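Asker: This structure is in structure tokens; I'll ask about it shortly.
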Amino acid sequence: MADNKQEDAQQTAEEVERAAEELKEAAERAQESSQQLAEASEQASGLVSQLAEVASSGPSEFVFLATIFVLAIFVGYYVVWSVTPALHTPLMSVTNAISSVVIVGALIALGADLAASAAGGTSKLLGFVAVALASVNIFGGFLVTQRMLAMYKKKER
């Protein structure tokens, strides 16, 4: 019986040692997991701060203006091509009023006192070109409108 107790005690000691080894291994795995979790948390924190920085800066002004320009191209294309031919010439004469707005802006650019800046000569040149092109557009539009209205006049015999 003493041998039996001794064997039981030895088995219990071996089981305790195995349990202690397993516990030690589990603790090491938990520590490794904790370190990996801390590293992942630091990486996530870095990513969040980078995303916050990007979100706070917003899109650049160029991207914003380029998007508006591209959308205006699509809208203009669909508006112009959906106009019936009977309405095309009267609507084109209305664009003369729009060209007058272009001339006002071009005159402002032409008269701007930017001689001391790097854009001084460029703004004056572009303003002059805009005035010239808008003037041709307005003059041609009035000629087309006058011709169109002449088509509806009764012919004198």
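Bear in mind that the values in this text are calculations on the coordinates, not laboratory data. What you are looking at is a predicted structure, and each value in this text was computed from that prediction instead of being measured. Methodologically, a virtual Cβ is constructed for each residue, glycine included, from the backbone with ideal geometry; neighbour enumeration extends over all protein chains shown.
Asker: Roughly speaking, what is the stretch gain from Leu37 to Met151, that is 0.36 nm per residue apart minus the C-alpha to C-alpha distance, in nm to one decimal?
Answerer: Between Leu37 and Met151, full extension yields 32.8 nm more.
Asker: Go through the range 35-42 residue by residue and turn each phi into a ³J(HN,Hα) via Karplus (6.51, -1.76, 1.60, θ = phi - 60°); whole Hz please, and just put x for glycine and proline.
Answerer: These are the phi-based 3J(HN,Hα) values: 5, 5, 5, 5, 5, 5, 5, 5 Hz.
Asker: List, in order, the whole-Hz ³J(HN,Hα) value for each residue of the range 8-15 obtained from phi through the Karplus relation with A = 6.51, B = -1.76, C = 1.60 and θ = phi - 60°; use x for Gly and Pro.
Answerer: Running phi through 6.51 cos²θ - 1.76 cosθ + 1.60 with θ = phi - 60° gives 4, 5, 5, 5, 5, 5, 5, 5 Hz.
Asker: Another question, then. So what J values fall out for the range 23-31 if you push phi through Karplus, 6.51 cos²θ - 1.76 cosθ + 1.60 with θ = phi - 60°, rounded to Hz, Gly and Pro as x?
Answerer: For the range 23-31, the Karplus-derived couplings read 5, 4, 4, 5, 5, 5, 5, 5, 5 Hz, x marking Gly and Pro.
Asker: Something else now. Once you sort the root eigenvalues of the Cα gyration tensor of the range 1-57 as a ≥ b ≥ c, which label holds: rounded (a/c under 1.5), prolate (a/b larger than b/c) or oblate (the other case)?
Answerer: prolate
Asker: Starting from the Cα of Leu47, step 7 Å along the direction of its Cβ; do the same at Phe128; then give the gap between the two resulting points in nm.
Answerer: 5.7 nm
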